[in-house]
Amino acid sequence: MTSSVLALLLYAGWTLALLTAIALMRCWLVLTQRRPAHAFAPSGDDVSPFSGRLCRAHANCCENLPVFGALVLTAMITGHAQITDPAAMWVLAARIGQSTSHLVSGKGRAVAVRFGCLMLQIGIQAVWIVHLLQATS
């Protein structure tokens with residue numbers, strides 16, 4: 001398994017872990033009769049600030065997972081995994097860092113860390129697009 005494929009698998013796993021955390025939190029609230037099952041806002045803000053951040057961290061993963069996956073799969077299919085392999089784990093680490101800083105706090109320093117992690121992901125993936133276009137033209 002290449003590092004790109006492993007990073008894609010772990011990225012999907014991280015996204016699933018965040019979804020599982022949302023589901024467990026909501027199940028607990030329903031089972032303890034603190035909230036009816038039909039009474040959750042999609043944003044999570046109605047439960048707690050942490051719940052809102054957890055839902056947004058999950059949504060952020062869902063927004064970028066298709067882009068990351070498309071780039072890794074394009075590299076694999078075209079035989080250019082050498083383009084994504086060196087930095088794939090960096091994208092994953094930046095995604096986990098972004099999610100973790102999102103979960104920890106919504107204050108200035110955490111937001112700055114989150115933004116830095118996002119910019120790293122965007123930068124790496126933009127470079128990949130350029131290199132994949134050059135390699136496949």
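The values are calculated or read from the model by the stated rules, or taken from the named source; none is laboratory data. Since this is a predicted model, take the numbers as computed values, not measurements. With ideal geometry, Cβ positions are generated from the backbone for all residues, glycine too; neighbour counts draw on all protein chains shown. Ligands, DNA and RNA are excluded from the accessible area calculation, which covers all protein heavy atoms including side chains. Shrake-Rupley method; radii C 1.70, N 1.55, O 1.52, S 1.80 Å.
A full extension of the chain between residue 2 and residue 137 corresponds to an added length of 46.3 nm, given 0.36 nm per residue minus the alpha carbon distance.
How much length, in nm to one decimal, is gained on full extension between residue 73 and residue 107, taken as 0.36 nm per residue of separation minus their Cα-Cα distance?
Separation in residues times 0.36 nm, less the Cα-Cα distance, equals 8.6 nm.
State the percent of C-alpha pairs, over all pairs in the range 1-110, separated by a distance greater than 25 angstrom. When all Cα pairs of the range 1-110 are counted, 33 percent exceed 25 Å. Going 7 Å from the Cα of residue 48 toward and past its Cβ, which residues in the range 5-32 have a backbone nitrogen under 20 Å from where you end up? Inside the label zone: 17-32.
Computed in the context of the full set of protein chains, the accessible area of the range 75-128 at 1.4 Å probe radius has 75% of its extent on carbon or sulfur. Simple point charges give the picture: +1 on the Cβ of Lys and Arg, -1 on the Cβ of Asp and Glu, and for the chain a dipole about the Cα centre of about 480 debye. Remark: accessible surface ordering of 132, 10, 16 (largest first) is 16, 10, 132, probe radius 1.4 Å.
At a probe radius of 1.4 angstrom, the accessible area of the chain per residue rounds to 55 square angstrom. The range 107-137 and the range 1-69 have their alpha-carbon centroids 22 Å apart.
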